[in-house]
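The values are calculated or read from the model by the stated rules, or taken from the named source; none is laboratory data. Because the structure is a prediction, the values reported are computed rather than measured. Ideal geometry is used to build each Cβ from the backbone, glycine not excepted, and the neighbour counts take in all protein chains shown.
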Amino acid sequence: MVRDHFILPFTSSFLNIREIAEDLKETKERLTSEIEALTRQITRKERLQEEALARARMAEGALAALQKEHGDFKSGVKRKVKELEDGAKMAEETKTRTEREYLALRDGVRVMQDGWKEDLRWLRDDLSRSQKLLELKSMTCACG
């Protein structure tokens with residue numbers, strides 16, 4: 001019985017160690033399984049992050065292209081506006097010059113018309129005087 005007394009505590013200790021070893025083995029398996037799940041999750045998140053970065057790079061490229069297109073469009077519009085403003089300015093200058101030339105020509109034609117009217121009046125008066133003189137001479141010649 002003395003012998004059993006010494007074996008019994010060792011047996012229970014040995015059983016305890018076996019239970020602890022089993023528990024540790026189960027814990028190890030559970031932790032390994034959790035680590036694998038976390039590794040898969042990290043891999044999936046890294047892939048999603050890489051996809052997001054690729055989309056962000058594509059968006060940056062598209063943005064740069066759109067900004068360049070916007071700048072080109074803006075400079076084109078500015079150039080067209082300047083051309084239109086220059087054209088409007090030239091048209092206004094041409095209009096002003098043409099109006100001045102028209103007024104000068106109109107005034108010149110009026111002066112010429114007035115001169116012709118005066119010449120015509122003088123010619124009529126001269127013709128009338130000549131006719132009266134001729135009538136007087138004809139009367140004097142016929143009477144005399």
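The residue list GLU51, GLU92, GLU46, GLU22 contains one member that is in a helix (DSSP H, G or I) and either at pLDDT below 95 or among the basic types (Lys, Arg) (or both), which is GLU22. THR94 satisfies every condition listed in (1) of a type in the set (Val, Ile, Thr); (2) over 33 Å from the mean Cα position of the chain (by Cα); (3) surrounded by 10 or more Cβ atoms within 10 Å (Cβ to Cβ) except (2).
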